[in-house]
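Here's the structure, in structure tokens; my notes come after.
None of the figures in this text is laboratory data; all of them are computed from the coordinates on show. All values reported here derive from a predicted model rather than from experimental measurement. When we count neighbours, we look across all protein chains shown, and the Cβ atoms used for this are built from the backbone with ideal geometry, even at glycine.
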Amino acid sequence: MTSYLKADCFYYPTEVKPAGYLSLHAGVFGEWTEIAPADAKIIDYTGYQIAPGLVDTHIHGYAGADVMDNSAQGIHKMSEGLLSTGVTSFLPTTLTSTFEQLENVSATIASVADQVKGAKIQGIYFEGPYFTEEYKGAQNPSYMKNPRLDEFDAWQKAAKGLIKKIALAPEREGVKEFVSAVTKQGVTVALGHSNGTYQEAKEAVQAGASVWVHAYNGMRGLTHREPGMVGAVYNLPNTYAELICDGHHVSPVACEILMQQKGHGHVAMITDCMRAGGSPDGDYLLGEFPVVVANGTARLKESGSLAGSILKLKDGLKNVVAWGIATPAEAIHMATYVPAVSVGIDEVCGQIKAGHAADFIVLDKDLELVATYLDGQKAFEA
């Protein structure tokens, strides 16, 4: 049966449609219309706005669970917990670890990918292990090494083809060959946790890399003599910058400069959230590292370095609007369509489009999350 979603506006990738009706049928979106049929079933959200479900393409954990726990139950917990943050699609994200552990985690995610009842798993993101130590962040340098196709092929086999994105440092040996090979398989390559020069980054992009791992964080900064990784983020066209908009990882001014350099259409908001997301302050583990969560941040106990975030994507969206660096439409775009496009999943999520799964969120005039819908059914209510 067809029902009609009534709201004040609807956020599409290229426009914001005004007050009207969006038809839903058998769990998928239909068309927007100004008026609904006389006897139609109406889902009335007058006074509210409708946006696509948010897409988090870089997230390690939530609600006490961490991808690296290698627990099917933990993946279910993340999926269900994320609905309260407005996320309806995500890429469970690994950390630098041993070959065997990454193989096991890949198999575990693949085994539950089509069974989760909350936010949908649209692929796996391998953050590592082919990084360099200078900007290791909360990643274990003892497992860092040069890229190997045979390893990647084994992980992809264990993942049943679900690995959609892998991050590496462009200055590693064999990067160009590796990037060229995996991008031909349809895998997106991201660059980060790197002390690479502008030239090294540029060569990796020319080989096929197209995403920057949490822009500014974990990468060589820009100077006037060596533009470095940050200079490459700014200046290389047709690439997408992940950005953590929690106000702790990157100053609002630096976020604004990035948006000016790349355009809102090439900034993908992410959380890089770790297991303490949605949980109280206290002591946690990120992978193998003890972490203290307090004052809105997660920091390594030993060094005080930021260790992932506890950001909810719905709050990142509100932050950039509050900071005055994006309109509501631009903010929603950066948390839905852009991340989906950046990893090639925009045909399954990230936009309101006829024939797509009706995964959407309801926001009030202040962009507060009111409800999350999956396949046209209410899955979370604030």
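Structure notes:
- Highest to lowest packing among 25-36, 95-106, 116-127, 221-232, scored as the average C-beta count within 10 Å: 116-127, 95-106, 221-232, 25-36
- Rounded to the nearest 20, the size of the Cβ-charge dipole of segment 119-198 about its Cα centre is 420 debye, with Lys and Arg at +1 and Asp and Glu at -1.
- A straight line joining the Cα centroids of segment 169-215 and segment 47-108 runs 24 Å.
- Segment GLU347-GLU256, extension gain: residue separation times 0.36 nm, minus the distance between their alpha carbons: 29.9 nm
- Helices meeting the span-like rule in the chain (full DSSP H runs, Cα extent of at least 20 Å along the helix axis, mean Kyte-Doolittle score of -1.0 or higher): 99-112.
- When each of LYS117/LYS314; LYS157/LYS301; LYS262/LYS365; LYS77/LYS262 is checked by Cα-Cα distance, pairs over 26 Å: LYS157/LYS301; LYS262/LYS365; LYS77/LYS262
- Whole-Å distance, taken between Cα centres, linking segment 137-155 and segment 1-36: 45 Å
- Dipole check for the chain: with +1 at the C-beta of Lys and Arg, -1 at the C-beta of Asp and Glu, and the Cα centre as origin, the magnitude is about 240 Debye.
- Euclidean distance of C-alpha centroids, segment 307-382 and segment 223-280, integer Å: 18 Å
- Summarising the strand pairing of the chain, around 50 percent of its internal DSSP beta bridges are antiparallel.
- Structure-derived Cα Rg over 2.2 N^0.38 Å: which label, when the choices are [x] 2.90; [y] 1.06; [z] 0.95: [z]
- Per-peptide average of other Cβ atoms within 10 Å, ordering 364-377, 303-316 highest first: 303-316, 364-377
- 222 nm mean residue ellipticity, helices alone, for the chain (DSSP H n ≥ 4; -39,500 (n - 2.57); rounded to 500): -7500 deg cm²/dmol
- For segment 14-24, putting each phi into the Karplus relation 6.51 cos²θ - 1.76 cosθ + 1.60 with θ = phi - 60° gives couplings of 10, 6, 10, 7, x, 3, x, 9, 10, 7, 10 Hz, in residue order, rounded to whole numbers and with x for Gly and Pro.
- For SER309, distant residues with modelled amide H under 5 Å away: CYS273, MET274
- Order by protection proxy (mean Cβ within 10 Å, highest first), peptides 276-282, 62-68: 62-68, 276-282
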